[in-house]
Amino acid sequence: MLVGVATQDTGEIATGLDSAQAFADAVVGWQRIHGRNDLPWQQPASPYRVWVSEIMLQQTQVSRVREYFARFLARFPDVTSLAAASQDQVLELWSGLGYYSRARNLHRAAQVIAAAHAGTFPDRFDQVIELPGIGRSTAGAILSLGCDQAHPILDANVRRVLARCFAVPGWHGERATAGRLWQLAAGLVPDHSARRYNQGMMDLGAMLCLPRKPRCGDCPVSGHCTAVRNDSVERYPGKRTAPTRPERQRRMLIIRNRLGATLLCRRPEQGIWAGLWSLPELEMESNPLEWCRARFGREPGGWRELPPREHGFSHYRLRMHPFEILLETDGCRLLDGDRELWYNPEQPQAIGIPAPISRLIRALSTPEENT
Ligand code: ADE
């Protein structure tokens, strides 16, 4: 077990050097024998070749990138040739890879390097990360895989390995989780053999620490892995939690006549429940009794508020506050026969009623809710 590196229990992040080194040694030793060492951009490795490969690999599988990488490098062997090309020539060699902004950024970055760094790919992190299309992980990959500098990387594979090993809760899109993962990644990358270590972390994620059915029995760091120890590997990395949906509150008027029929209105043709028949709705601030007087020109025979109910839509939750009003008439002139009707659940008309509204009307005609 790693001493002093983050655990869920302690929340502690420290990198006791010995344990971080033991972790890195295990990854490096495994990568040397079992990792991927014959990828085209590794032979020879250079910042330019690693850069092109990393950008291609951002949204594309290794097997497909191999073919595109070979053609791209044959046509643009260095920054200068890429910078001198037209955008059309670059895009032509990118055709079929998709996400063409990647190619446009690559081309623009080559022109920046030609102008600002005399065509030599910069080897300082602050200069690399300033280039178009290069973020923190890609800059780390270019400098570690390209020049063996000790910078962390955090692509999807590395995130999975770290999230499991250190039982990092949460989704990587959340600030706290991302911060913790970066802290771990930075604390573990060794001063020496950073190239092999980072390649090893990516290889572990791609070959053993798989999203489903990970091969923990073959993993060189399973002895350091909190998730293995707690038998919770499948819980990490945490998934994105659905964004909390806003809540809207509405009074739903259940206006009943003496025959037990309920007033329904047709919903507008646009929006939620478009064209269906529903209950009249009021804002929470409106007074249903005043509404009733204004609408029917008479006092209600009785009324009561019922417990609220919730219904979820994709973009918001509707909290419905049913408000029942009894009218002492058999019916009432409807404002517009096409937009209003009296609905009797005992003799239902063939009309579309949203399920939660239908449930509400039916529940109210049952004795339990009617007390
Ligand atoms: N994905 C991103 N970088 C990679 C690399 N160097 N090897 C394999 N897959 C990768």
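For the stretch 267-289 and the stretch 34-106, what is the separation of their C-alpha centers, rounded to whole Å?
56 Å
Assigning unit charges at the beta carbon (Lys, Arg +1; Asp, Glu -1) and nothing else, what dipole magnitude in debye, to the nearest 20, does the stretch 108-249 show about its Cα centre? Write out the running numbers ahead of the final one.
Working: 19 positive and 12 negative charges, 135 e Å.
Its charge dipole is roughly 640 debye.
May I ask for log10 I(q)/I(0) of the stretch 226-371 at q = 0.17 Å⁻¹, from a Debye sum over the Cα atoms as equal point scatterers with solvent left out?
So the normalised log intensities work out to -0.99.
To test your reading of the geometry: what angle, between 0 and 90 degrees and rounded to tens, separates the Cα axis of helix 17-34 from the longest principal axis of the chain?
The angle comes out at about 80 degrees.
Helix 136-147: angle to the longest alpha-carbon principal axis of the chain, degrees 0 to 90, nearest 10?
Tilt relative to the chain: about 20 degrees.
Which residues' amide hydrogens lie under 5 Å from the amide hydrogen of GLU340, considering only partners 5 or more residues apart or on another chain, with H built in the peptide plane?
For GLU340, whose amide H was placed from the backbone, the distant partners under 5 Å are ARG266.
May I ask you to derive the FRET efficiency for ASP126 and PHE313 from their Cβ-Cβ distance with R0 = 45 Å, giving the value to the nearest 0.05? All intermediate terms of the calculation are to be shown ahead of the outcome.
Values: r = 47 Å, r/R0 = 1.04.
Step by step, r from the Cβ atoms, then E = 0.45.
Measure nothing but the geometry: give the 0 to 90° angle between the long axis through the Cα atoms of 175-188 and the longest principal axis through the Cα atoms of the chain, rounded to 10°.
So the inclination is approximately 20 degrees.
Using a 1.4 Å probe and counting only protein heavy atoms, arrange LEU131, LEU210 so the residue with the most accessible area comes first.
Numbers: LEU131 10, LEU210 45 Å².
These residues rank, largest area first, as LEU210, LEU131.
Would you report the distance distribution of C-alpha pairs in the stretch 57-118 as whole percents per 5 angstrom bin, up to the bin with the largest distance?
Bin by bin from 0 Å, the calculated values are 4, 19, 29, 26, 15, 6, 1.
Rolling a 1.4 Å sphere over the protein heavy atoms, what is the accessible area per residue of the chain, to the nearest Å²?
Values: 18770 Å² over 371 residues.
That works out to 51 Å² per residue.
What area, in nm² and to one decimal, does the C-alpha convex hull of the stretch 126-215 cast on average over all directions?
Working: hull surface 24.4 nm².
For the Cα atoms of the stretch 126-215, the hull's average projected area reads 6.1 nm².
Not counting ligands, DNA or RNA, and with a 1.4 Å probe, what is TRP30's accessible surface area in Å² rounded to the nearest 10?
20 Å²
How high is the relative contact order of the chain? Use alpha-carbon pairs under 8 Å, at least six apart in sequence, and give a whole percent.
Details: 562 pairs, mean separation 53.9, N = 371.
So the answer I get is 15 percent.
Between GLU290 and ALA178, what length in nm is gained on full extension when 0.36 nm per residue of separation is reduced by their alpha carbon distance? If you can, show how the numbers build up before the last one.
Working: separation 112, 0.36 × 112 = 40.32 nm, distance 5.37 nm.
Computed gain between GLU290 and ALA178 is 34.9 nm.
To the nearest 10 square angstrom, what accessible area does THR241 show with a 1.4 Å probe?
Rounded to the nearest 10, that gives 100 Å².
Report the Stokes-Einstein translational diffusion coefficient (µm² s⁻¹, integer) for the chain, Rh taken as the Kirkwood radius over Cα pairs, at 37 °C with viscosity 0.692 mPa s. Working shown, then result.
Values: Rh = 25.8 Å.
The calculation lands on 127 µm²/s.
Give me the percent of Cα-Cα pairs in the stretch 274-314 that sit more than 16 Å apart, rounded to a whole number. Walk me through the intermediate numbers first.
Values: 438 of 820 pairs.
Considering the stretch 274-314, 53 percent of its Cα-Cα pairs are separated by more than 16 Å.
If you take the charge dipole of the stretch 53-172 about its Cα centre, with +1 on Lys and Arg Cβ and -1 on Asp and Glu Cβ, which of ALA114, PRO152, VAL168 is farthest toward its positive end?
Of the candidates, VAL168 comes out farthest on the positive side.
Might you work out the accessible area of VAL28 for me, using a 1.4 Å probe with all protein chains in place, and round it to the nearest 10 Å²?
Accessible area, nearest 10 Å²: 10 Å².
The values are calculated or read from the model by the stated rules, or taken from the named source; none is laboratory data. Source: prediction; values computed, not measured. Every residue, glycine among them, receives a Cβ derived from its backbone with ideal geometry; neighbour counts consider all protein chains shown. For the accessible areas, the whole protein counts, side chains as well, though only heavy atoms, and no ligand, DNA or RNA atoms are used. Shrake-Rupley method; radii C 1.70, N 1.55, O 1.52, S 1.80 Å.
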